[in-house]
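One structure is given here, and the rest of the page talks about it.
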Amino acid sequence: MESRVLIDEAAIARRVAELAKEIAGDLPDQSPMVVGLLTGSFVFMADLVRAASRLGIQPEVDFMAVSHYGATMEASGIVEVHKQTSLDVRGHAVLLVDDILDTGRTLSLVRDRMVEREPAWIRTCVFLDKPSRREVDVTADYVGFEVPDVWVVGYGLDAAGAGRELPYIMAVEPDEDRADETDEQ
Ligand code: XMP
């Protein structure tokens, strides 16, 4: 698998600090509910809440799980929430966090489901955005970096389960033998 570093650690650290500042400035209160989508957002979430903590933000943190049906490196278009947050978000400020905005199906569905639970304020934050791949009309309120249409790995994102631990973002060439499967992102 051919790969190259697309976003290095220093650039990530700078951008996460900027995002935290931007978000902290917009929040209606100091105690938002920050809800990440498993599994890809776990590294970004950890850095983001710690950067926000340095600015006095004291969030409650939880995760949701979403299933994508189809080949792992190609979105099939079928997305299902299979673990909702156990936080009672009604009347609270909610920040939804995902690793990457690709076709837009995941964020669109998850945001709609969250809105039904009547938070007082809701914003979305993605570490990466691939606008060229968008199929659903959705934008994130906060975006770390825009990336081209390449498969990206690292900083929580994976290729067939590998690479999530990398502290930087790499662009990789996809394997050709990816069979259809259900994948928890
Ligand atoms: P959609 O298409 O619903 O997809 O916006 C969002 C989810 O698809 C996964 N995804 C990726 N994961 N490298 C990854 O490791 C990528 O380049 C990539 N593109 C999409 C991701 O889980 C995201 O939540």
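Every number here is computed from the coordinates shown, using simple stated rules; none is lab data. The model shown is predicted, which means the values in this text are computed figures rather than measured ones. Note: ideal-geometry Cβ built from the backbone for every residue, glycine included; neighbour counts use all protein chains shown.
Per-structure values
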item: Segment 1-89: trypsin sites (Lys or Arg not before Pro) falling in loop per DSSP and having at most 14 other Cβ within 10 Å; result: Arg54
item: Lys/Arg +1, Asp/Glu -1 at C-beta; segment 10-149 dipole; positive extreme among Thr106, Val61, Gly91; result: Val61
item: The chain - percent relative contact order, Cα under 8 Å, separation 6 or more; result: 28 percent
item: Calculated P(r) of segment 1-101 - Cα pairs past 16 Å, %; result: 63 percent
item: Calculated FRET efficiency for the pair Ser53/Arg90, C-beta based, R₀ 22 Å, to 0.05; result: 0.35
item: Gained length - Arg117 relative to Tyr69, 0.36 nm times residue gap less alpha-carbon distance; result: 14.8 nm
item: Computed lengthening from Lys83 to Thr139, 0.36 nm per intervening residue step minus Cα-Cα distance; result: 17.9 nm
item: Span-rule helices in the chain, defined as complete DSSP H runs reaching 15 Å or more along the axis (Cα) with Kyte mean at least 0.5; result: 42-53
item: R0 of 35 Å, Cβ-Cβ distance Ala10-Ser31: FRET efficiency to nearest 0.05; result: 0.70
item: With at most 13 neighbouring Cβ atoms within 10 Å, loop GluC sites (Glu not before Pro) (DSSP) excluded, longest segment of the chain; result: 3-134
item: Stokes-Einstein D (µm²/s) once Rh is taken as the Kirkwood radius of segment 4-47 over alpha-carbon pairs, at 20 °C in 1.002 mPa s; result: 177 µm²/s
item: Equivalent ellipsoid semi-axes - Cα gyration tensor, the chain, angstrom; result: 26, 20, 13
item: Placed amide H near Met64: partners under 5 Å, 5+ positions off or other chain; result: Gly36, Leu37, Leu38
